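Step one of this worksheet: look at the structure below.
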Amino acid sequence: MEHQYLIDDFSIKESWRLFRIMGEFVDGVEALHNVGPAVSIFGSARMKEDDPNYGLAFEIARRCVEKGFGVITGGGGGVMEAANKGAAEAGGKSVGLNIKLPFEQKPNPYANVQLEFKYFFIRKVMFVKYALAYIVLPGGFGTLDELFEAVTLIQTHRIRPFPVILVGREHWGGLVAWIKKNLLGGGRISPQDMDIIHVMDDPEEIVTMLSQRIIL
């Protein structure tokens with residue numbers, strides 16, 4: 001009987017967790033449903049202002065706003081802070097989708113639309129649902145997780161096909177070569193799957209591609 005009580009108690013807690021999950025979805029949809037055309041920008045939270053990728057993220061975000069796009073980031077420091085700052089200083093929509101973590105992730109002050117999530121999977125839904133493109137700068141496991149989830153959803157036709165841009169040929173070149181050799185070469189993906197990913201360096205080249213691919 002004691003064992004049964006523990007199972008029932010766990011079930012009750014799980015049921016209440018569903019309400020919290022639904023609440024985060026509702027908050028996200030209500031806050032972002034009118035965000036307008038936007039791109040999601042990802043990258044390391046650990047990069048400092050003197051890192052070249054910080055300046056690169058700032059410039060890409062600024063140029064995206066000038067082309068009519070809002071900017072969505074994970075709301076934290078590093079690349080996310082730089083992108084939010086670039087978007088805000090250009091007078092655009094600067095969205096930060098922060099995640100509660102025991103370390104590292106604190107909301108940056110440059111997002112003029114801020115949300116905070118407990119659940120990674122809800123946050124990732126918001127990144128995909130309200131973005132017309134993914135722009136991915138160098139980052140860690142979280143950046144790779146977001147990158148490959150987007151690529152997989154596009155590959156399997158679960159979401160509309162939008163550009164996934166990897167910024168930095170030197171950084172991403174080895175990964176792309178590995179994918180071509182081991183995944184494409186091994187017959188684990190199709191040749192057209194490689195068309196999902198675009199590797200670029202120049203901010204102007206990036207925003208030009210977005211303008212050509214996305215009709216606002």
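A short reminder: the numbers here are calculations on the coordinates, not readings from a lab. Only a predicted model underlies this, so the values are computations on that prediction, with no experimental measurement involved. Positions of Cβ are backbone-derived with ideal geometry, glycine not excepted, and every protein chain shown enters the neighbour counts.
Placing unit charges on each Cβ (+1 for Lys and Arg, -1 for Asp and Glu) gives the chain a dipole about its Cα centre, and among G75, F25, Y54 the Cα reaching farthest toward its positive end belongs to F25.
By how many degrees, between 0 and 90 and to the nearest 10, does the Cα long axis of helix 141-155 differ from the longest principal axis of the chain? With both axes taken from Cα atoms, the answer is about 80 degrees. If the cut-off is 17 Å between C-alpha atoms, which aspartates and glutamates fall inside it for K129, apart from same-chain ones fewer than 8 positions away? Cα-Cα hits under 17 Å: E24, D27, E30, E116, D145, E146, E149. Near L115, once Lys and Arg are set to +1 and Asp and Glu to -1 for all other residues with Cβ below 14 Å from its Cβ, the sum equals +2.
Please give the net charge around S94, taking every other residue with its beta carbon less than 11 angstrom from that of S94, where Lys and Arg add +1 and Asp and Glu add -1. Please list the in-between numbers first.
Working: positive: R62, K85, K93; negative: E81, E89.
Taking every other residue near S94 into account, the sum is +1.
Dipole check for the chain: with +1 at the C-beta of Lys and Arg, -1 at the C-beta of Asp and Glu, and the Cα centre as origin, the magnitude is about 360 Debye. Reducing the stretch 173-216 and the stretch 93-132 to their Cα centroids gives an inter-centroid distance of 25 Å.
Between S94, V136, F117, the Cα set farthest toward the positive side of the dipole of the stretch 90-216 (charges on each charged residue's Cβ, about the Cα centre) is that of F117.
Taking each of K100/K124; K85/K124; K93/K118 in turn, the alpha-carbon distance tops 18 angstrom for K85/K124; K93/K118.
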